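This report refers to the structure that appears directly beneath it.
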């Protein structure tokens, strides 16, 4: 009788051990698969992820004119961010501006990224032409881009103070041999829409003195200086 009980107890213990071992093996396999998945995701994010370009515009931009006041331009400080792992290239930028005044003679015009840097008050200043921007993975570009009219600069869009709407589009370089995986995860080109207010306008300041006028967001307020 004692021998039978001992044998049954040993058999039950072996079965429990086998069950625990099998359960532990499944857990280990699941953990290994999970670790492999995280490793693959990390590799994709750090090495394989296609370029992802985003553009940011500050609350204040500037309106100015060139060539004696006949050619209007917008000087916009920009930050372009490549949040992808691969290098991304910005070929060009296009700005569409709309005059929101109901009785405006010109309702909308398009402008292209012509030069880099602030608008100078000197008419003999050397301009830095806009060239394609190459951004390595996880890097940024920050500078002022000056947008000039596409085609005939006259008549001008900005003829009075008021509100204006802008749509900025970034045109990236697209590889010819883009694979199906990259095509699946690729994003549409960066586009940002914003409105700015021109508080005043002066033909003399813009033309003869080559001044620039700040255009600000409606809810923007200058930062107050810190108290001493």
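The values are calculated or read from the model by the stated rules, or taken from the named source; none is laboratory data. Bear in mind the structure is a predicted one, so any value in this text is a computation, not a measurement. Methodologically, a virtual Cβ is constructed for each residue, glycine included, from the backbone with ideal geometry; neighbour enumeration extends over all protein chains shown.
Name the residue that is surrounded by the most Cβ atoms within 10 Å (Cβ to Cβ), counting only residues in the stretch 127-143 that are without any contact (Cβ under 8 Å) to a residue 40 or more places away in the chain and touching a strand residue (DSSP E or B) at 6+ places or on another chain (Cβ under 7 Å). Looking at residues that are without any contact (Cβ under 8 Å) to a residue 40 or more places away in the chain and touching a strand residue (DSSP E or B) at 6+ places or on another chain (Cβ under 7 Å), I get 130.
Each residue in the stretch 175-194 was checked for being assigned to a loop (DSSP other than H, G, I, E, B), under 20 Å from the mean Cα position of the chain (by Cα) and either at pLDDT 90 or above or exposed (fewer than 12 other Cβ atoms within 10 Å of the Cβ) (or both), and 1 pass. Restricted to the stretch 195-221, and to residues there that are without any contact (Cβ under 8 Å) to a residue 12 or more places away in the chain and either closer than 15 Å to residue 74 by Cα or more than 28 Å from the chain's Cα centre (by Cα) (or both), the residue that is surrounded by the most Cβ atoms within 10 Å (Cβ to Cβ) is 205.
Taking the criterion of being over 23 Å from residue 206 (Cβ atoms) and part of a loop (DSSP other than H, G, I, E, B), the residues of the stretch 130-151 that qualify are 131, 132, 136, 137, 138.
Please find, within the stretch 149-174, the residue that is nearest to the chain's Cα centre (by Cα) out of those that are surrounded by 18 or more Cβ atoms within 10 Å (Cβ to Cβ) and closer than 19 Å to residue 75 by Cβ.
Looking at the filtered set, the residue picked out is 170.
For residue 48, the stated conditions hold: it is loosely packed, with under 15 Cβ neighbours inside 10 Å and at pLDDT below 95.
For the stretch 101-126, a residue qualifies if it is free of Cβ contacts under 8 Å to residues at least 24 places away in the same chain and closer than 19 Å to residue 195 by Cα, and the qualifying residues are 102, 103, 107. Being surrounded by fewer than 17 Cβ atoms within 10 Å (Cβ to Cβ) and within 19 Å of the chain's Cα centre (by Cα) is a property that residue 121 lacks.
So which residues in the stretch 152-173 are in contact (Cβ under 8 Å) with a residue 12 or more places away in the chain and assigned to a loop (DSSP other than H, G, I, E, B), if there are any at all?
If the condition is that a residue be in contact (Cβ under 8 Å) with a residue 12 or more places away in the chain and assigned to a loop (DSSP other than H, G, I, E, B), then 153, 154, 155, 156, 157, 158, 159, 160, 161, 173 are the ones that fit.
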